[in-house]
Structure formats: structure tokens, C-alpha cells
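First the structure, in the form of C-alpha cells, and then the observations on it.
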Amino acid sequence: MGRPTVSQLRAFLALAEHLHFRDAAAALRMSQPALSGAVAALEETLDTRLVERTTRRVLLTPAGERVARRAENVLAELDRLVEEVRAVRGPLVGPLRVGVIPTVAPYLLPVVLPRLAEEFPDLELSVHEEQTGHIVAELMAGRLDVVLLALPAPGQGVTELPLYDEDFVLVTPASFELDAGAVPRDALTELDVILLNEGHCLRDQALDVCREVGARAPAATYATSLATLVQLVSGGLGVTLVPETALAVETRRAPNLALHRFADPAPFRRIGLGFRSTSPRAEEFEVLARGVRAAIADLGPECRVRAR
């Protein structure tokens, strides 16, 4: 019996996770025929059926379930070996796979990436933008090294490095009549707050603020991005909460808006780095966090940089 290759094990493990050839191929960023070929080659190498193909989905055979558990352990050890070697070479040298949530990526990366490129010229950075649940799952599966997200991170096994806090700002149509000055949170009880779709952590944070004061969020109006959310407010469909770092980008593209800051203590979110608690690159990620904090400090007082 021959030995499986790493690429065969990765392809099969992705299929075991998604139970769908197209979804597994997309997760690995490879073609579906290539993934099917890798799984078939693994079955031939092991001389056994690992999957049962039905018209609608893929099922694992008993042998496939055992191979999936073993493959996960084997690949985790291989990833750990690579991480340990990188850690010995020095901080932030070579490939680094970073996951970023959509409500952070377009506003923070233009500030952070140039500074990291200057400070760590041997860093080979790749960035993957997805919602929180997806990037944390990719992190724990070993397909990402570190993630940039709103804290706390969901689930267990993630070590967090706080980076900065930023306030939420109330964005309303310009025609809305609100008292001048800082707005109390309970003003939300008189307003229709529109939110992002499910899966965005910013939606959950905004809902938490609304629940604190008994405000309502109409179920009929949701958006897939902050840009769309602000345009809906501009069109008079309601009000929304926008993090401070996104204001300049999103409001300049939407007319007829008014911005209202909350009275202290204003609602806020905390952004940080997350990595696997078992990773041998913890010291390296501390260096990365310091570099990101230094870049964030240049944004001004709207971001309150946090030490660990």
C-alpha cells in the first residue's frame, strides 16, 4: 500500500467537512475536478471506498470517517512543524495567512498594510475577507494563521490580543430632528434601527445596544454591507450604528445624512487579533499586534489603542 500525499489528505478533509465537492473545492480554492481527482487518488492509494456519492450530497463510509479523523491530526502536526520552523527563522518572515471581517478590512487595511510592508519586508502576507464565523473556523482548521475581528472571538481555543476600541456613531437621515449635542442611548427607542444581515458580528453588537434600551430593529430591512446600510439610511428607511473608522469612507458616498455621537458612556466595539492557543507563533503575533497598534495610532483619537 502506498502512502497518501498531503494534497490528497487536504482535499479529502475538506470534502469530509463540507460533504459537497463544489463547496470543498471552493474552500481550498481549487477546481472541482482537481479535488475529485485527489480524493479518487487517495481511495486508490488506500484501496478502499472513503465516500458514498448520492445525487444530492456526499456521505463518508466508516473507513472515510476514520481517515478523516486521522487526516486532521496528521495535517495539524504538519502545520505545527512548519510554524515551529518559521518561528525559529525570526518574527514575521515568510507566509502569513490573515483573516479579516468585512466591517474592518476596507477601513483598516489601507492604513496597516503599508506600515507592515515597510517594517517587515520579508513578510509574505495573504488576506482573506469573510464573516467572523467563517474566518474563525478557517483559523481552527489551520487554513488561516491569525484573524482580525471584533472581540470576544466566538468559540474556544482562540487567544486574543486587543488592538483598539472604537465608538459607534448614530447615522440618520438629515431630516431627522434630534436634540443638539450628544445623544443618549435611549433615543434609539424612538427610531427604527436597520442592521446588517445575520452572520455579521456588527449586527449582533448593534442588536445588543438596542436591547439595552428596548429599541426596535425592523425585520424587513437588512443589508449585506456597511455601504448598503448607509445608503438605506440616506434613502430614509431608518437609522443605523456605524463604527467610527468606517464613517469617513461610507458617509462621503451617501447624501442627506446626519451624524450623532452618543453621550458617555458611548457604545463601542473592541477589535483585536486572534490566533490558535496551541500555535507556537504566539511571540510573533505579539510583534504583529504591536505593528498594527502603531499604525492605528496614526488614525487619530477616534481609535483608542489598547495594550494587551
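Overview of values
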read-out	value
Stretchable slack from L178 to T278, in nm (0.36 nm times residue separation minus alpha-carbon distance)	31.0 nm
Of all accessible heavy-atom area on the chain, the percent that carbon and sulfur account for (1.4 Å)	51 percent
Nonlocal amide H pairs with A223, under 5 Å, H built at 1.01 Å	L195, L196, N197
Vicinal HN-Hα couplings computed from phi for segment 257-262 (Karplus, 6.51 cos²θ - 1.76 cosθ + 1.60; Hz; Gly/Pro x)	10, 10, 10, 10, 8, 7
Derived scalar couplings ³J(HN,Hα) [segment 163-171; Karplus, 6.51 cos²θ - 1.76 cosθ + 1.60; whole Hz; x for Gly, Pro]	10, 7, 10, 9, 6, 8, 10, 7, 10
Segment 226-291 and segment 1-64: distance between their alpha carbon centers, rounded to Å	39 Å
Distant-in-sequence amide H partners of E129 (H built 1.01 Å from N, under 5 Å)	V100
Residues of the chain: accessible area per residue with a 1.4 Å probe, Å²	50 Å²
FRET efficiency, R70 to V287 (Cβ-Cβ, R0 45 Å, nearest 0.05)	0.85
Gained length - L78 relative to R252, 0.36 nm times residue gap less alpha-carbon distance	57.9 nm
The chain - share of DSSP beta bridges that are antiparallel (%, nearest 5)	65 percent
Mean separation of Cα contacts under 8 Å (6+ apart) over length of the chain, as relative contact order %	21 percent
Cleavage-rule hits, GluC sites (Glu not before Pro), segment 44-105, DSSP coil, Cβ neighbours within 10 Å at most 12	none
J(HN,Hα) series, segment 281-290, from Karplus relation 6.51 cos²θ - 1.76 cosθ + 1.60, nearest Hz, glycine and proline x	9, 4, 5, 5, 6, 5, 5, 4, 4, 5
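The values are calculated or read from the model by the stated rules, or taken from the named source; none is laboratory data. Computed from a prediction, not measured in an experiment: that's the story for all the values here. Here the Cβ is made from the backbone with ideal geometry for all residues, glycine too, and neighbour counts use every protein chain on show. Just so you know, the surface numbers come from the protein's heavy atoms only, side chains and all, with ligands and any DNA or RNA stripped out. Shrake-Rupley method; radii C 1.70, N 1.55, O 1.52, S 1.80 Å.
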